[in-house]
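Here's the structure we're looking at; comments come further down.
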2 protein chains.
Amino acid sequence: MLTVILAIGREILRGRVQDTNSWTLARRLTGLGHEVVRIAACDDDLVAIVREVRRAAEDGATLVVTTGGLGPTDDDRTLQALADATDCPLALHPEARDLVAERYEALARTGAVADGGMTAPREKMAWIPVGAAPLPNPVGAAPGIWLEAGPTIYVALPGVPAEMRAILEHAVAPVLAARAPGAVYAERRIVTRARDESAIAPLLRRLGQELPQVYAKSRPTRFGSEARLEVFASAWGKDRDEVEARLARAVALLREALGEAPADG
Amino acid sequence: MLTVILAIGREILRGRVQDTNSWTLARRLTGLGHEVVRIAACDDDLVAIVREVRRAAEDGATLVVTTGGLGPTDDDRTLQALADATDCPLALHPEARDLVAERYEALARTGAVADGGMTAPREKMAWIPVGAAPLPNPVGAAPGIWLEAGPTIYVALPGVPAEMRAILEHAVAPVLAARAPGAVYAERRIVTRARDESAIAPLLRRLGQELPQVYAKSRPTRFGSEARLEVFASAWGKDRDEVEARLARAVALLREALGEAPADG
């Protein structure tokens, strides 16, 4: 599915924290057979988030994965923005409320919070768009959510990386693997003997003409203490064998033209 | 200035490399007094890049900083996209051509490239939008560019982080510091004794009412082996003393209500 990843939080825009979630998601969703077409980070402002969700629709995305903005404070606005953008208003979801309540009761038993009872800020995390399902959070308090609205799946995950990864692996990746459109993705990387990117531009052009299904891109890298070029080749296809055969052909052409550094880096 | 950061390159969308440039730029531009409103990563596709540049205008950005897509290969398309989006067509820039030529002559002298002469892929890096100025690249071959078109400054930097940082520090930051709209930005972080984010939501709401110029945000963190909350408070203003005084007031209120962990983390 065409996919947009959206990281929400002013701390990212201020450079206060590095957004590692988008990188994790890009790698994982690509491996599951989904094509990430854009990654964006925006402020935790309702108008800004709604605008980004609408832009994902302009991009043709049918999978939108957000991180951040699910917590108990007033600047956690992701679910309100999804509700506004999809016309699925927020409602208190009993199962989500149970998940939140159980989490705080457990935290109170260990002394991590003073009082395990339900409060308005805690309950806020269980107000999710109508039609959405909560995704249990094995690490923190805020459930993720899974919402299908029109042609699009929206997955909202917490911003804390450990929580994001836990929900991704437990609840999201298995379902998205099954929803991948029968596409397989494969990539190969070779560190070449070449050092001059300007000299390999014609080669990459010929490769693109001969194997248009393969995307090959050069990048300066180091090989030991030497400046070298790596070439990263990737391809999508319906069939694993076909994709691997195309990549093998591309790698053979690149090695023939450029040579390969003595051991693959 | 309202700022959009745009990272260009399919390798980011595939999770093949982590986009660290946007983080570096967000931190640095914020410190210089510019307000980053969005960060995006898109494919090295002409239509996709033009669309992102137009979206920056929709966001009201008057500063757009791009990374990636300045090199010699056919999939380096950033300058063509800036040309298309701003109606400043590409032209061979004599000074940019000299910069590229000198770089390859020097590389040939050290044996890093076989031939130091000008070729079409090398010259491509000197075709820049009409009205743009090249920014010397002390690390690699592709110059950055500085383009003012209408109300907006476009700064295009290479994707290789060492090249990006070198041009940023040598050629871009000094000018952008002088162009900052007299704004100062400051931030404070305290690690509190609090552990329960849901319990501090009402406090952050009161703080926002009392000090609307201060943005305060809580985030789970660790303090030694203990789960704690950090609160990150930031403010913009015209005057350094005024901004610092507001932040000091916010920090005092937070410490009074939450306590501070024994030593600042």
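The values are calculated or read from the model by the stated rules, or taken from the named source; none is laboratory data. Note that the coordinates shown come from a computational prediction; the quantities given were computed from them, not determined experimentally. In this analysis, Cβ positions are derived from the backbone assuming ideal geometry, glycine residues included, and neighbour counts consider all displayed protein chains. The accessibility values were calculated without ligands, DNA or RNA, using every heavy atom of the protein model including side chains. Shrake-Rupley method; radii C 1.70, N 1.55, O 1.52, S 1.80 Å.
Values computed for the structure shown
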{"quantity": "Cα-only Debye scattering, chain A: base-10 log of I(q)/I(0) at q = 0.16, 0.17 Å⁻¹", "calculated": "-1.12, -1.21"}
{"quantity": "A:A133 versus A:R205: modelled label distance in nm, points set 7 Å from Cα along the beta carbon direction", "calculated": "5.1 nm"}
{"quantity": "At 7 Å out from Cα toward Cβ: B:D115 inter-copy label distances (nm, ascending)", "calculated": "7.9"}
{"quantity": "Calculated log₁₀ intensity ratio I(q)/I(0) where the Debye formula runs over C-alpha points of the protein assembly as shown, q = 0.06 Å⁻¹", "calculated": "-0.32"}
{"quantity": "Shape metrics for segment A:173-265, restricted to C-alpha atoms - Rg then Dmax, Å", "calculated": "14.8, 45"}
{"quantity": "Hits among lysines - C-alpha to C-alpha of A:K217 under 29 Å, sequence gap 8 or more where chains match", "calculated": "A:K238, B:K124"}
{"quantity": "Two-site FRET efficiency, B:E123 against B:H170, from Cβ-Cβ distance with R₀ of 22 Å, rounded to 0.05", "calculated": "0.40"}
{"quantity": "Sparse-neighbour loop sites [trypsin sites (Lys or Arg not before Pro); segment A:184-238; at most 10 other C-beta within 10 Å; DSSP]", "calculated": "A:K238"}
{"quantity": "Area accessible to solvent at A:W23, 1.4 Å probe radius, in Å²", "calculated": "80 Å²"}
{"quantity": "Cα gyration tensor, segment A:72-186 - rounded (a/c under 1.5), prolate or oblate", "calculated": "oblate"}
{"quantity": "Summed residue charge, Cβ within 13 Å of A:L147's Cβ, Lys/Arg positive, Asp/Glu negative", "calculated": "-3"}
{"quantity": "B:L46-B:E244 FRET efficiency (beta carbon distance; Förster radius 51 Å; 0.05 resolution)", "calculated": "0.65"}
{"quantity": "Part-to-part distance (alpha-carbon centres) for segment B:16-54 and segment A:100-125, which is given in Å", "calculated": "38 Å"}
{"quantity": "Which of A:A112, A:I49, A:T20, positive extreme of dipole for chain A (C-beta unit charges)", "calculated": "A:T20"}
{"quantity": "MRE, 222 nm, helices only [DSSP H, n ≥ 4, -39500 (n - 2.57), over chain A, to nearest 500]", "calculated": "-12000 deg cm²/dmol"}
{"quantity": "Semi-axis lengths (Å, descending) of the ellipsoid that matches the C-alpha gyration tensor of segment B:1-107", "calculated": "24, 17, 16"}
{"quantity": "Inter-copy separations for B:P174, label at 7 Å along Cα-Cβ, nm, ascending", "calculated": "5.9"}
{"quantity": "DSSP bridge orientation in chain B - percent antiparallel, rounded to nearest 5", "calculated": "65 percent"}
{"quantity": "Ascending list, in nanometres, of distances separating the B:G131 label from those of the other copies (7 Å, Cα toward Cβ)", "calculated": "4.5"}
{"quantity": "Euclidean distance between Cα centres, segment A:161-178 to segment B:153-210, Å", "calculated": "30 Å"}
{"quantity": "Chain B Cβ-axis minimum, rotational copy A, residue and distance in Å", "calculated": "B:A40, 2"}
{"quantity": "More than 21 angstrom apart: percent of Cα pairs within segment A:125-188", "calculated": "30 percent"}
{"quantity": "Counted charge near A:D196, where neighbours are those whose Cβ lies closer than 12 Å (Asp, Glu -1; Lys, Arg +1)", "calculated": "+3"}
